[in-house]
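One structure is given below, encoded as structure tokens.
The values are calculated or read from the model by the stated rules, or taken from the named source; none is laboratory data. Keep in mind it's a predicted model, so treat the numbers as computed, not measured. Quick reminder, even Gly has a Cβ in these numbers, built from the backbone with ideal geometry, and neighbours come from all protein chains shown.
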């Protein structure tokens, strides 16, 4: 029953988050912006369009991307293993890149390469954060982690590291290199269209829910949990609106230089018993 | 020893165009890249030839010409109209009789056009750098300039205000005062733009040292407009071929020496200040009520040229008058035409993700080039 | 204005063009009653004058490129090659016109038909 | 960067500057180059506007007898206002409103009108020539 509820509601919440992202983004640029349910309209429109198949493998990878992202989210929400979640998430992105490599489109190839750099930039901090959680709770199993209250008190620097890798995870400027529509026009997603793009679009929503849940871990048991998630998303959007896009080597460099020492410091302090 | 021949085809070929998000207009650039570093460039501009030169020598008589050439470019319409008109007036032989008020109104039109064009391209440059917010802000400021133009001439971009022998609408006293109020607000937004392009770290990081054109190269390739001035070439057709009153108002030529993409942006920003000053001077210099249109009795009979400074640089018109209503030949050399030959040389060795900002910093207008 | 023939116009341009002092504007062609002519436009920064170098050309005659003297000249040359059907050395076909557009559109109609016919005959 | 960050946050609490266009009406300035309207009473069918029109968007159909028609193609028009200035009787006015877009039902068949106008003009010229010829022969 719980599983079913999660499966039904997480895309809806994801869509609403996506809509809110657009709305807030528009308001930051002093525009009115689309209505908050616009992503659902978009999805319906995508499903109605004429399917254009390039090759079977390409489409299969889109579905694999979606399924793995959904699995990652389900694993997370049902209290599975945290490491599995991170691996599923990384694998899901890798499938997107593999799909993009199956074509001859130059943009797709460049985008796929950049997508791999995304994984390279974002996954190590996430893994280290997981390690840090393990240090403090003694388990990778999320159902046990959920019982720990207010992790942020003992791992504030890890939380900051998560915030620092958020632009990379959500593909927001300055680290939106993989879809960079002014350079490679959507990168790995460029050749998908109509109903075949829909799973990727849905996976994006799910990824947002996953990210929100990840932030949520740190604030479990606190009434501030929603505020914390919203604030960190707004921070990411404001950063998006105040920076130009950097290159992918900058992305890897900056994410690592900022996030890894932060987590490292937290691990060190936890080990010393200071926090 | 046997020489190993490296296969050039190993490069990843990234086509950019003929339709691309970063390009406002159709041009096709093909980059051969290695690890996203550009090794070779080839380009093709054969997408938008509309045969306007031909139509001017077959279909339209010379009085309609300013309206027709205004349609060459969507952004610098009035620059084309003015250049064509001045060339026609020289061909007819009435360019000395054009009243001061007409010159002033034309100058106001051209400078407003320059303002909005510079805002447009700098905003677009920020957009292709991935900085959407600046793009929105600058285009909002541009919207205000367009409103000002709308108030003055009744259209936002296609002013259609220039006709042979004068202008077809005057600026009355009331609008004049409203414009001078609006100019202050425009100046404020130019200040904002200057701050963005000098202070904003990520934007400056993207643009600084990108696509450096040295002064010698700029001379060698005959660059025009802000691109040339950013490399330190002191050239401005408003001074060199003065159809208005630029020399009287003491127009200052803004130059920089760096020659990179950032310098090209900053030259545009500083030119905006100068444009506002020119509009103020032009508004104050003459008063409404004078004659604004000469009666044109003759047909174009001499050969005449006009070099006008469009927002993108030197615009060259040559008209061969034959004594008939329709001129024998109209030659249009647009500013982008002069700025394209250097592009392949500048782009080699640049990372692919820096190509769109580099291309945009030259402010290309391919519809002009195709004509 | 400088009159020149096909033989000596490159020397004249070489003498005239100094990158720091003379700005190259463009190249243009015109078909009058006397025949085709190719004009090279320059602007002198010192005297603030527009200088024209005029070369008369017959139909079907090959015109050497000046892009070894004036580097950006190749674009203008390819353009007139496309629009007037003038043979210019080192030109790229269909640089300004799309492959399916009419050939040499700026020539007077009758002559361009003649030329088209000649081209067909050659093939 | 920092300034834009603060501005972005501030903008959240400001009113957006964009309009929801079809719902909120846009009021053009005075002197806006808009729709061209024709007053039948003042027009003498002198054809000056048709000759002045750059894009050939005005055609005047003179049938035999007194029936005459002024046709304007809002799609082909470039709204330069040259026809309004050329009219000696003030029969044409440029209003400050958009020419409303044409729906399928009221679409002008412009090529048909151009052909008709050409035919009518030819006939009219022929009649004029005939009349002159008659006068000369008399």
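Give the number of residues within region B:169-179 that are assigned to a helix (DSSP H, G or I) and surrounded by 13 or more Cβ atoms within 10 Å (Cβ to Cβ).
Looking only at that region, the number is 4.
If residue A:223 passes every condition in (1) part of a loop (DSSP other than H, G, I, E, B); (2) touching a helix residue (DSSP H, G or I) at 6+ places or on another chain (Cβ under 9 Å) but one, which one does it miss?
(2)
Mind checking whether some residue in region A:133-152 is outside any helix (DSSP H, G or I), out of contact with any strand residue (DSSP E or B) (no Cβ under 7 Å at 6 or more places or on another chain) and surrounded by 20 or more Cβ atoms within 10 Å (Cβ to Cβ)?
No, because not a single residue in region A:133-152 is outside any helix (DSSP H, G or I), out of contact with any strand residue (DSSP E or B) (no Cβ under 7 Å at 6 or more places or on another chain) and surrounded by 20 or more Cβ atoms within 10 Å (Cβ to Cβ).
In the list C:76, C:26, which residue meets the criterion of being at the interface with chain B (Cβ under 9 Å from one of its Cβ atoms), under 28 Å from residue B:215 (Cα atoms), touching a strand residue (DSSP E or B) at 6+ places or on another chain (Cβ under 7 Å) and assigned to a helix (DSSP H, G or I)?
C:76
Could you check region A:231-275 and list, in sequence order, the residues that are surrounded by fewer than 16 Cβ atoms within 10 Å (Cβ to Cβ), within 14 Å of another protein chain (Cβ to nearest Cβ) and modelled with pLDDT of 85 or more?
Residues satisfying the conditions are A:231, A:235, A:253.
Quick one: which of A:159, A:175 is within 19 Å of residue A:237 (Cβ to Cβ) and over 13 Å from the mean Cα position of the chain (by Cα)?
Result of the check over A:159, A:175: A:159.
Can you tell me which of (1) farther than 21 Å from residue A:211 by Cβ; (2) free of Cβ contacts under 8 Å to residues at least 40 places away in the same chain; (3) more than 14 Å from chain B (Cβ to nearest Cβ); (4) surrounded by 15 or more Cβ atoms within 10 Å (Cβ to Cβ) is the one residue A:41 doesn't meet?
If we test residue A:41 against (1) farther than 21 Å from residue A:211 by Cβ; (2) free of Cβ contacts under 8 Å to residues at least 40 places away in the same chain; (3) more than 14 Å from chain B (Cβ to nearest Cβ); (4) surrounded by 15 or more Cβ atoms within 10 Å (Cβ to Cβ), just (4) comes out false.
Take region B:225-247 and flag every residue that is part of a helix (DSSP H, G or I) and touching a residue at least 12 places away in the same chain (Cβ under 8 Å).
Matches in region B:225-247: B:225, B:226, B:227, B:228, B:229, B:230, B:237, B:238, B:239, B:240, B:246.
How many of the residues making up region A:89-133 are more than 25 Å from residue B:33 (Cα to Cα) and in contact (Cβ under 8 Å) with a residue 40 or more places away in the chain?
Adding up the residues that qualify gives 13.
Restricting the first residue to region B:46-61 and requiring it to be more than 9 Å from every other protein chain (Cβ to nearest Cβ), which pairs with a second residue that is assigned to a helix (DSSP H, G or I) and modelled with pLDDT of 80 or more meet a Cβ separation below 8 Å and a spacing of at least six or different chains?
B:52/B:68; B:52/B:69; B:55/B:68; B:56/B:65; B:56/B:68; B:56/B:69
In region A:14-36, how many are in contact with a helix residue (DSSP H, G or I) (Cβ under 6 Å, 6 or more places away or on another chain) and away from every other protein chain (no Cβ under 14 Å)?
Selection size over region A:14-36: 6.
Confirm whether residue B:96 is free of Cβ contacts under 8 Å to residues at least 24 places away in the same chain and farther than 24 Å from residue B:303 by Cα.
Spelling it out, it is not the case that residue B:96 is free of Cβ contacts under 8 Å to residues at least 24 places away in the same chain and farther than 24 Å from residue B:303 by Cα.
Restricting the search to region A:97-111, which residues are over 14 Å from residue A:171 (Cβ atoms) and crowded, with 22+ Cβ neighbours inside 10 Å?
Hits for region A:97-111 are A:99, A:100, A:107, A:108, A:110.
Based on what the data block shows, is residue B:190 modelled with pLDDT of 85 or more and either in a helix (DSSP H, G or I) or within 30 Å of residue B:166 (Cα to Cα) (or both)?
Here the answer is yes, as residue B:190 does meet what is asked.
Could you list, in sequence order, the residues of region B:85-101 that are buried (at least 24 other Cβ atoms within 10 Å of the Cβ) and within 25 Å of residue B:280 (Cα to Cα)?
B:85, B:86
Just the residues that are at positive phi and away from every other protein chain (no Cβ under 14 Å), please, taken from region A:146-183.
Hit for region A:146-183 is A:150, nothing else.
Only one of (1) modelled with pLDDT under 80; (2) assigned to a helix (DSSP H, G or I); (3) closer than 27 Å to residue B:336 by Cβ is not met by residue C:99, so which one is it?
That leaves (2) as the condition not met.
Just to be sure, is residue B:108 more than 28 Å from residue C:102 (Cα to Cα) and out of contact with any strand residue (DSSP E or B) (no Cβ under 7 Å at 6 or more places or on another chain)?
For residue B:108, the condition - more than 28 Å from residue C:102 (Cα to Cα) and out of contact with any strand residue (DSSP E or B) (no Cβ under 7 Å at 6 or more places or on another chain) - is met.
Taking region A:92-110 as the region of interest, how many residues are within 14 Å of chain B (Cβ to nearest Cβ), out of contact with any helix residue (DSSP H, G or I) (no Cβ under 6 Å at 6 or more places or on another chain) and in a helix (DSSP H, G or I)?
4
Which condition breaks for residue A:23 when tested against (1) under 22 Å from residue A:232 (Cα atoms); (2) surrounded by fewer than 17 Cβ atoms within 10 Å (Cβ to Cβ)?
Going through the list (1) under 22 Å from residue A:232 (Cα atoms); (2) surrounded by fewer than 17 Cβ atoms within 10 Å (Cβ to Cβ), residue A:23 breaks only (2).
Only one residue in B:127, B:111, B:143 is at the interface with another protein chain (Cβ under 10 Å from one of its Cβ atoms), part of a helix (DSSP H, G or I) and buried (at least 22 other Cβ atoms within 10 Å of the Cβ), so which one is that?
Result: B:127 is the single residue among B:127, B:111, B:143 that is at the interface with another protein chain (Cβ under 10 Å from one of its Cβ atoms), part of a helix (DSSP H, G or I) and buried (at least 22 other Cβ atoms within 10 Å of the Cβ).
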